[in-house]
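The values are calculated or read from the model by the stated rules, or taken from the named source; none is laboratory data. This is a predicted model, so every value here is computed, not measured. With ideal geometry, Cβ positions are generated from the backbone for all residues, glycine too; neighbour counts draw on all protein chains shown.
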Amino acid sequence: MSQLQTNQSYDVVIVGAGAAGIGCGVVLKELGLERFTILDRHQVGASFSRWPEEMNFITPSFPSHGFGLLDLNAVTLKTSPAIAFRREHISGKQYALYLQTVADHFELPIQTEVDVKAVEPLSQGGFNLQTTAGDLRTQFVIWAAGEYQYPHLNSFPGAEHCLHNSQIRSWTDLEGDEFIIIGGYESGMDAAANLVALGKKVAVLDRTGAWADPDTDPSVSLSPYTLQRLEFVYRTGRLDMVSDASIEAVEPIPGGYAIHSEYQKWMTAHPPILCTGFDTSLKQIVPLFDWSEGYAALTENDESTLTPGLFVSGPSVRHGNLIFCFIYKFRQRFAVIANAIAYRLGLDPTPLDAYRQAGLFLDDLSCCDNDCIC
């Protein structure tokens, strides 16, 4: 990785070198754009590298692109994590290596260990970015920072006594035989499955009972992969799942911790495990967006409705009821952003035709639903 050149002007700066940042970088490269850079506060795919050792993708990878179907976890054409690692459910470290391999192949201009501290719109257009390595200017910003770096740590009083699942490096590091998990969505079920597999007894407390939600969209309900794992671990008799458990507080008591809901109390000898999700990284630049029901308002090109030239890519993208929180969803918007930028810079958008042919240029959101007839 080259050193950041400050006081330099770029056409585009991408913030974040995860799945969204690398994917957008490849599209810009294929458009022939030369004056762009990708900034990351850590390394390429750093969030994936920090997953618990046992955590794997819930979306399956499969080597099908030879028949016109792209691997669900690929961020660009003609690549497949399934082929690279010969695994269906890729680990975080493997995926970080996949992203680095893609970055190397396309010779993406990535600057690592550079933290963006502020994004300042300029009166004459464009932006000034304050970073830990100095200031730089750009005409467009693509905010592609992920969410894993921003865990929900203060969901209720006493949450500081808990251990968030993002703080776990391996479930084998936890000592003890019984654990309570707060949160029953994907990360909670992953924690439960791994702890039960280690012979632990586990109780999962969830305010809704996510495991019983019949919604067909895995952005809302548990994925088939998770339900399959859940069925297996539940048969061990070491898993208890409690719904309608809206946790109001956690407090230390002699010998452990007490977990309180409105009508119930649970006690555990070990810090409760928080699986309460993550905040959007857009909280770093909140004033640059209009907000509605907690989500940033975006145009049809995923551009801020308040700050022209600022685009969003990745799991923070929402359009009405459509949630783009999986790679196979948000990668369909890379070319949409690139097309808007190409138009304004006078670049030939022809290279994007391949993305449209591969189903990676989703500019008609009316076709998106998860209805299933059987």
Original post:
From the set of residues in the stretch 248-289 that are among the small types (Gly, Ala, Ser) and either assigned to a helix (DSSP H, G or I) or free of Cβ contacts under 8 Å to residues at least 12 places away in the same chain (or both), which is surrounded by the most Cβ atoms within 10 Å (Cβ to Cβ)?
Top reply: 281
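Take the residues in the stretch 28-47 that are among the acidic types (Asp, Glu) and surrounded by fewer than 23 Cβ atoms within 10 Å (Cβ to Cβ); name whichever of them is farthest from residue 95 (Cα to Cα). Even if it seems obvious, please write down each step before you answer.
Going through the stretch 28-47, the residues among the acidic types (Asp, Glu) turn out to be 30, 34, 40.
Then keep just the ones that are surrounded by fewer than 23 Cβ atoms within 10 Å (Cβ to Cβ); that gives 30, 34.
Values: 30: 22, 34: 26 Å.
If we take residues in the stretch 28-47 being among the acidic types (Asp, Glu) and surrounded by fewer than 23 Cβ atoms within 10 Å (Cβ to Cβ), then 34 is farthest from residue 95 (Cα to Cα).
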Original post:
If you scan the stretch 124-154, which residues turn out to be among the polar types (S, T, N, Q), farther than 18 Å from residue 113 by Cβ and assigned by TED's automatic domain parsing to the domain that holds residue 13?
Top reply: 124, 128, 138, 139
**OP:** Scan the stretch 328-360 for residues that are farther than 14 Å from residue 26 by Cα, at pLDDT below 95 and either assigned to a loop (DSSP other than H, G, I, E, B) or among the β-branched types (Val, Ile, Thr) (or both) and jot them down.
**Re:** 358, 359
**OP:** Read through the list (1) part of a strand (DSSP E or B); (2) surrounded by fewer than 16 Cβ atoms within 10 Å (Cβ to Cβ); (3) touching a Cys at 6+ places or on another chain (Cβ under 7 Å), then give the number of the only condition that residue 181 fails.
**Re:** (2)
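What's the total number of residues in the stretch 93-111 that are β-branched (Val, Ile, Thr) and buried (at least 17 other Cβ atoms within 10 Å of the Cβ)? Before the answer, list the steps.
The first filter runs over the stretch 93-111 and keeps only residues β-branched (Val, Ile, Thr), leaving 101-102, 110.
Filter once more, keeping what is buried (at least 17 other Cβ atoms within 10 Å of the Cβ): 102, 110.
Residues in the stretch 93-111 being β-branched (Val, Ile, Thr) and buried (at least 17 other Cβ atoms within 10 Å of the Cβ): 2 in total.
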Subject >> the stretch 290-310, residues that are closer than 15 Å to residue 324 by Cα, touching a helix residue (DSSP H, G or I) at 6+ places or on another chain (Cβ under 7 Å) and part of a loop (DSSP other than H, G, I, E, B) >> reply: 301, 302
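Within the stretch 311-325, take every residue that is assigned to a loop (DSSP other than H, G, I, E, B) and in contact with a Pro (Cβ under 9 Å, 6 or more places away or on another chain) and give me the one that is farthest from residue 150 (Cα to Cα).
Taking the stretch 311-325 first, the residues assigned to a loop (DSSP other than H, G, I, E, B) are 313-317, 320-321, 324-325.
From the residues that got through so far, the ones that are in contact with a Pro (Cβ under 9 Å, 6 or more places away or on another chain) too are 324-325.
Details: 324: 18, 325: 15 Å.
Filtering first and then ranking leaves 324.
Before we move on, is residue 324 in contact with a Lys or Arg (Cβ under 8 Å, 6 or more places away or on another chain), of a type outside the set (Val, Ile, Thr) and either surrounded by 17 or more Cβ atoms within 10 Å (Cβ to Cβ) or farther than 27 Å from residue 192 by Cβ (or both)? Spell out how you get there, then give the answer.
Numbers: in contact with a Lys or Arg (Cβ under 8 Å, 6 or more places away or on another chain): yes; of a type outside the set (Val, Ile, Thr): yes; either surrounded by 17 or more Cβ atoms within 10 Å (Cβ to Cβ) or farther than 27 Å from residue 192 by Cβ (or both): yes.
So residue 324 fits the description; yes.
Considering the stretch 62-97 alone, what residues qualify as being without any contact (Cβ under 8 Å) to a residue 40 or more places away in the chain and among the hydroxyl-bearing types (Ser, Thr, Tyr)? So that I can check it myself, show each step before the final result.
Taking the stretch 62-97 first, the residues without any contact (Cβ under 8 Å) to a residue 40 or more places away in the chain are 62-67, 69, 71, 78-88, 90, 94.
Across the stretch 62-97, the qualifying residues are 64, 79, 80.
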**OP:** Take the residues in the stretch 1-27 that are surrounded by fewer than 22 Cβ atoms within 10 Å (Cβ to Cβ) and in a loop (DSSP other than H, G, I, E, B), then tell me which one is modelled with the highest pLDDT.
**Re:** 8
